[in-house]
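One structure below.
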Amino acid sequence: MGMDEKVDEVLKQYELDIKAKRRVRGSVVVESGDEFFVVKPYLRDEMRILFEESVKECLYKNGYEFADFALKNNSEKYISEDSCGGKWVVRRWFQAQDCDVRDKIEVRMAAGHLAYLHKFMRMPDECEAKFNTSKIDIVSLFKKHNNEMKRVNSYIKAKKQKNHMEISILNSFREFYEQGVEALEYIQRCGIDELCEKTISENRIIHGSYNYHNISFSRENIITSNFEKSAVGLQMTDLYDWIRKIMEKNGWNCELGVSIVEEYIKKREPEPGEMEVLHALLLYPEKYWKLVNFYYNGKKTWISEKNYEKLEKIRAQEPDRQKFIAKIKDLRV
């Protein structure tokens, strides 16, 4: 059975007056009356989607309605099945444009919007679904990544013949590994235990995937979608995700990066320990670790030229990245 037939089976389980359908990114957008909905496969369970919708409900109760809320089917369930056992979810969809990473106004607006979301993303104690707090344990994460970088370095050093990717990793290892060690020592000195405890006790929620694919603009409205990775967590990880992706696309433009952080803290004043968390996350060479780890876990007989180019780009941008990190460390709320 093809995707179109499965989607038709799913849509029969909803009271929608379908006027038109079209494929979009592995899903199907349908028009019903003056509204639009997207039908997408769903790989998680009912408890997970209940959590996601509870997060959006927190926002809705505080006046924000431009999220991809899921619809309940005729059986009052968020998840619908086709005859082959496939799971699907129907969500609201908006005619909007993804945030333009080159548009300084839009990326700053999105940072302010994130601050607004964070004010209200607190899960009530009575919510049945609680999800992982893995992003809170930054210390363990940094330790794990540092050990992985060391392992790759030792592996390459032991090789008799080395390709250009491996030589580049060896030549840059010490610089980036020392950054990882510094970030670990910094976050351990900061004593963020109180912030972590407060985050968990108040059920503070992160979006988990706050990037330009999930933030879009429709006239004066900012649309937020894809809460699949939402969880209890340190909210500064969302701001870090936003900054890193935008800065990578803009050559670590220091002025732009500082303005993004300033826009966030103008809308939501960080609490004690939060700026330290942001600094530690920015200090950690995450992009370098990802490329090195990808190399180690991939086929060694074939080296991706694209990944080699990314590695060289990271090395070339490092002075600008360090300039920005220094500015953020000195930034006072």
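So with the 1.4 Å probe, I'd like the accessible area per residue for segment 1-120, rounded to whole Å². All intermediate terms of the calculation are to be shown ahead of the outcome.
Values: 6360 Å² over 120 residues.
Here the per-residue accessible area is 53 Å².
Could you give the Stokes-Einstein D for segment 71-199 in µm² per second, using the C-alpha Kirkwood radius, 37 °C, 0.692 mPa s?
The calculation lands on 159 µm²/s.
Looking at (1) 1.00; (2) 0.96; (3) 1.02, which value of Rg/Rh (Cα atoms, Kirkwood Rh) comes from a calculation on the structure shown?
Here Rg/Rh (Cα atoms, Kirkwood Rh) agrees with entry (1).
Keeping the other protein chains in place, figure out the carbon and sulfur percent of the accessible area of the chain, with a 1.4 Å probe. Numbers along the way, then the final one.
Numbers: 8050 of 17000 Å².
It is 47 percent, rounded to a whole number.
Over segment 210-333, what portion of Cα pair distances is larger than 23 Å, expressed as a whole percent? Intermediate values should be presented prior to the final figure.
Working: 3146 of 7626 pairs.
Percent of Cα pairs beyond 23 Å in segment 210-333: 41.
Got a number for the accessible area of residue 68? Probe 1.4 Å, square angstrom, nearest 10.
10
Taking R0 as 41 Å, what FRET efficiency do you get between residue 189 and residue 24 from their Cβ-Cβ distance, rounded to the nearest 0.05?
Working: r = 47 Å, r/R0 = 1.15.
Between residue 189 and residue 24 the formula returns 0.30.
Helix-derived [θ] at 222 nm for the chain: sum -39500 (n - 2.57) over DSSP H runs of at least 4, divide by residue count, nearest 500? The partial results should precede the final answer.
Values: 11 runs with 175 residues, N = 333.
Here the helix-only value at 222 nm equals -17500 deg cm²/dmol.
Once both axes come from the Cα atoms, what is the angle between helix 236-249 and the longest principal axis of the chain, in degrees from 0 to 90, rounded to 10?
Helix 236-249 and the main axis of the chain meet at about 70 degrees.
Nothing charged except the Cβ atoms of Lys and Arg (+1) and of Asp and Glu (-1): what's the magnitude of the dipole of segment 181-333 about its Cα centre? Round to the nearest 20 debye.
Details: 24 positive and 25 negative charges, 132 e Å.
The dipole magnitude comes to about 640 debye.
If the limit is 28 Å between Cα atoms, which of 157/249; 143/245; 61/144 go over it? Write out the running numbers ahead of the final one.
Numbers: 157/249 32 Å; 143/245 23 Å; 61/144 39 Å.
From 157/249; 143/245; 61/144, over 28 Å: 157/249; 61/144.
Less than 20 Å apart at the alpha-carbon level, and either on another chain or at least 8 residues along: which lysines does that give for residue 77?
By straight Cα distance, residue 77 reaches 6, 12, 40, 56, 87, 130.
Using a probe radius of 1.4 Å on heavy atoms only, what accessible surface per residue do you get for segment 195-309? Whole Å² is fine. Mind showing how you got there, number by number?
Details: 4630 Å² over 115 residues.
Result: 40 Å² per residue.
Gap in Å between the Cα centre of segment 78-116 and the Cα centre of segment 201-258?
Segment 201-258 and segment 78-116 have Cα centres spaced 12 Å from each other.
Students sometimes get this wrong: rank 66, 142 by accessible area, probe 1.4 Å, all chains present, largest first.
Numbers: 66 55, 142 5 Å².
Result, largest first: 66, 142.
Pull out a ≥ b ≥ c, the square roots of the eigenvalues of the alpha-carbon gyration tensor of segment 135-236, then state rounded if a/c is under 1.5, prolate if not and a/b is larger than b/c, and oblate in the remaining case.
Details: a/c = 3.23, a/b = 1.59, b/c = 2.03.
Oblate shape, in that a/c is at least 1.5 and b/c is the bigger or equal ratio.
The values are calculated or read from the model by the stated rules, or taken from the named source; none is laboratory data. This one's a predicted model, so the numbers in the text were calculated from it and none came from an experiment. All Cβ positions, even for glycine, are placed from backbone atoms using ideal geometry, and neighbour counts span all protein chains on display. When the accessible area is computed, the model is the full protein with side chains, heavy atoms only, and any ligands, DNA or RNA have been set aside. Shrake-Rupley method; radii C 1.70, N 1.55, O 1.52, S 1.80 Å.
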